[in-house]
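Asker: One structure, pasted below without further comment.
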Amino acid sequence: MTPQHAAKILRNLFPENTETTGSITLWNGDQLVFGKGRPKFDILIKDDATFEKILSRPSLGFGEGYVDGAIEITGHLGDALEWLYRYDADDKLTPIQKARICWLQLKKKATLSQSKADVQFHYDKGNDFYKIWLDKGMNYSCAFFTREDEGLEEAQINKIHRSLKKMRLQPGHRFLDIGCGWGSPLIEAVKTFGARQAVGLTLSKNQYVLGNQRIQEAGLADKAEIRLQDYREIPKREFGNFDRILSIGMFEHVGQENMEMFFKTAAGLLKDKGIFLLHTIGRTRKLAMDPWILKYIFPGTYLPSLGELANKAQKKGFDLVDVENLRQHYDRTLGHWAARFEKNIDRIGKYMDGREQRMWLFYLYGCQMGFRYNPMYVFQMLYSKGRRHDWPLVREDLYL
């Protein structure tokens, strides 16, 4: 493809008068400026092959080009990605291109062994790696911000306390956290809310080791534990023994074909009239997964639609109590993670080379802009096992 042809395509895809001024430089040196004033960033595309990859599969082509060095960004990566997401050209994809993206998503099924491999691929990069850029509680999910200037540490505690409060977790309850991460919700469930027993499940070996260590250091080993176990492996003798179940940031790994099994298992584990809080990234309608995220960051991921979450849960005996959207909170959370990651890039160099660093920065900033401009949401859905008539009429007490 000639640079002249590429320039014509870009002019058709992106408006001339954008709010943020940026530029794209082609492999022959031609620079296309969008907006007025001095460009805040420049995206250099080094060859025509890279440009053609971007056209055929925008997310995968651009992501691979940036990570592999075929695309260079002068200025801040976050600014460039915000511009690209704001004026996203995905709606201009042809049906054939969209079909190719769907195929990448559907060809990988979430069997038990595949789920374990997918989780360990991402989460077992080392506890010390995650300590560098997550909060002190090691929470790798959407925080909850109550003020514009609130920091990540406080916002993550807000998220945990607010979730447990929303569930009406009471002293003496038996509590299960499916996908418990490094254990912060378990610790708070026992220490702050008085749960009689708290059990967490993870498929990450590193989370299992450090999480149990944190529980012991908190003096809660007699009341809390983390198991290296999938929800499909919980023994039948424990069915019907839990008063409350929480699952934050795990459902994305369940897979479309296993959604009903997940809800069936959760319903089986709960006591009658028990409460289940599901916190997951989702959509308002079914859409194909981002192929770059599937290939390089979260293999096997499926983001459910709001309708699927309501309908499939109802089929297994759950009654919908409450729904809340935390999209803006995840935008902020991802911004904190990306800034911390970038600030500590020298320390992170101990765990990954420059290519993988670019991959993770592209993932963090790209996801932030995805939540800012794309139809992506974070749903907190509260269910009861069977209909309850004793739930409070208002929820003002949930807001801190």
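No lab work stands behind these numbers, since they all come straight from the coordinates. Bear in mind the structure is a predicted one, so any value in this text is a computation, not a measurement. With ideal geometry, Cβ positions are generated from the backbone for all residues, glycine too; neighbour counts draw on all protein chains shown.
Asker: Students often check this: by mean Cβ neighbours within 10 Å, which of 381-391, 130-140 ranks highest, and how do the rest follow?
Answerer: So the order, starting with the most tightly packed, is 130-140, 381-391.
Asker: Run the count for region 3-93, please: Lys pairs, Cα-Cα under 23 angstrom, 8 or more apart or on different chains.
Answerer: Details: Lys8/Lys36; Lys8/Lys40; Lys8/Lys46; Lys8/Lys53; Lys8/Lys92; Lys53/Lys92.
For region 3-93, the number of qualifying lysine pairs is 6.
Asker: So, one more: Can you tell me how much longer the chain between Arg327 and Arg387 gets when fully stretched, taken as 0.36 nm per residue apart minus their C-alpha distance, in nm with one decimal? Provide the component values of the computation, followed by the final result.
Answerer: Numbers: separation 60, 0.36 × 60 = 21.60 nm, distance 2.79 nm.
My answer for the length gained is 18.8 nm.
Asker: A further question on this structure: Let me spell out the model: positive unit charges on the Cβ of Lys and Arg, negative unit charges on the Cβ of Asp and Glu, origin at the Cα centre of region 307-400. What dipole size does that give, in debye rounded to 20? Can you show the working numbers first?
Answerer: Values: 16 positive and 12 negative charges, 56 e Å.
It works out to roughly 260 debye.
Asker: Of Phe262, Leu306, Ile275, which is farthest on the positive side of the dipole of region 261-346, counting Cα position, with +1 on Lys and Arg Cβ, -1 on Asp and Glu Cβ, and the Cα centre as origin?
Answerer: Phe262
Asker: What GluC sites (Glu not before Pro) in region 183-292 are in a loop by DSSP, with at most 14 other Cβ atoms within 10 Å of the Cβ? Mind showing how you got there, number by number?
Answerer: Numbers: sites: Glu188, Glu217, Glu225, Glu233, Glu238, Glu252, Glu257, Glu260; in loops: none.
Answer in residue order: no site qualifies.
Asker: Also, I was wondering about something else. What length, rounded to one decimal in nm, is gained on full extension from Leu306 through to Arg340, with 0.36 nm per residue of separation minus their alpha-carbon distance?
Answerer: Values: separation 34, 0.36 × 34 = 12.24 nm, distance 3.15 nm.
The span from Leu306 to Arg340 would gain 9.1 nm if fully extended.
Asker: Taking the alpha-carbon distance from Lys385 and a cut-off under 17 Å, which lysines remain once sequence neighbours fewer than 8 residues away in the same chain are dropped?
Answerer: Lys166, Lys264, Lys271, Lys273, Lys312, Lys315, Lys316
Asker: Let me ask another. Which option, [x] 32, 27, 19; [y] 40, 22, 20; [z] 45, 24, 20, is the value of semi-axes √(5λ) of the Cα gyration tensor in Å that was calculated from these coordinates?
Answerer: Matching entry in [x] 32, 27, 19; [y] 40, 22, 20; [z] 45, 24, 20: [y].
Asker: Pop the C-beta distance of Glu72 and Arg168 into the FRET formula with R0 = 56 Å and round what comes out to the nearest 0.05. Show your work: numbers first, answer last.
Answerer: Working: r = 53 Å, r/R0 = 0.94.
After rounding to 0.05, the efficiency reads 0.60.
Asker: Pick out, from Tyr140, Asn12, His161, the residue whose Cα sits farthest towards the positive end of the charge dipole of the chain, with +1 on the Cβ of Lys and Arg and -1 on the Cβ of Asp and Glu.
Answerer: His161
Asker: Here's another thing I want to ask about it. When the helix-only estimate is applied to the chain (DSSP H runs of n ≥ 4, each -39,500 (n - 2.57), divided by the residue count), what is the mean residue ellipticity at 222 nm, nearest 500 deg cm²/dmol? Before the final figure, lay out the partial values.
Answerer: Working: 16 runs with 176 residues, N = 400.
When only DSSP H runs of four or more count, the value is -13500 deg cm²/dmol.
Asker: Evaluate the distance, in nm, between pseudo-label points positioned 7 Å from the Cα of His5 and of Glu19 along their respective Cα→Cβ axes.
Answerer: 3.5 nm
Asker: With a cap of 11 neighbouring Cβ atoms within 10 Å, and only residues DSSP puts in a loop, list the trypsin sites (Lys or Arg not before Pro) found in region 1-60.
Answerer: Numbers: sites: Lys8, Arg11, Lys36, Lys40, Lys46, Lys53; in loops: Lys36, Lys40, Lys46.
Answer in residue order: Lys36.
Asker: What FRET efficiency comes out for the pair Asp353/Glu52, r = Cβ-Cβ distance, R0 = 25 Å, nearest 0.05? Walk me through the intermediate numbers first.
Answerer: On the way: r = 27 Å, r/R0 = 1.08.
Efficiency for this residue pair is about 0.40.
Asker: Quick check on region 1-82: of the DSSP beta bridges with both residues there, what percent are antiparallel, nearest 5%?
Answerer: Rounded to the nearest five, the antiparallel share is 75 percent.
Asker: How far, in nm, would the chain grow between Met261 and Asn374 when pulled straight, counting 0.36 nm per residue and subtracting the alpha carbon separation?
Answerer: Net length gain for the segment: 37.8 nm.
Asker: Across region 283-292, in residue order, what do the Karplus-derived ³J(HN,Hα) couplings come to in whole Hz, using 6.51 cos²θ - 1.76 cosθ + 1.60 with θ = phi - 60° and x for Gly and Pro?
Answerer: After applying 6.51 cos²θ - 1.76 cosθ + 1.60, I find 10, 8, 8, 5, 9, 5, 6, 5, x, 5 Hz.
Asker: Where both partners of a DSSP beta bridge lie in the chain, what percent of those bridges are antiparallel, to the nearest 5? Don't skip to the answer; put the middle values down first.
Answerer: On the way: 23 of 46 bridges.
Taking every DSSP beta bridge with both residues in the chain, the antiparallel ones total about 50 percent.
Asker: A further question follows. Near the amide H of Cys180, under 5 Å away, which other amide H atoms are found, from residues 5 or more places off or on another chain, if H is placed in the peptide plane?
Answerer: Hits under the 5 Å cutoff: Leu201, Thr202.
Asker: I want to verify a result. In a Gaussian network model of the chain, Cα cutoff 10 Å, which of these has the top mean-square fluctuation: Arg358, Arg347, Arg57?
Answerer: Arg347
Asker: Scan around Phe14 for amide H atoms under 5 Å from its own, H built in the peptide plane at 1.01 Å from N, and keep only partners 5 or more places away or cross-chain.
Answerer: For Phe14, no residues qualify.
Asker: Relative contact order of the chain: what whole-number percent is it, with Cα pairs under 8 angstrom and at least 6 residues apart?
Answerer: Values: 692 pairs, mean separation 66.5, N = 400.
Once normalised by length, the contact order is 17 percent.
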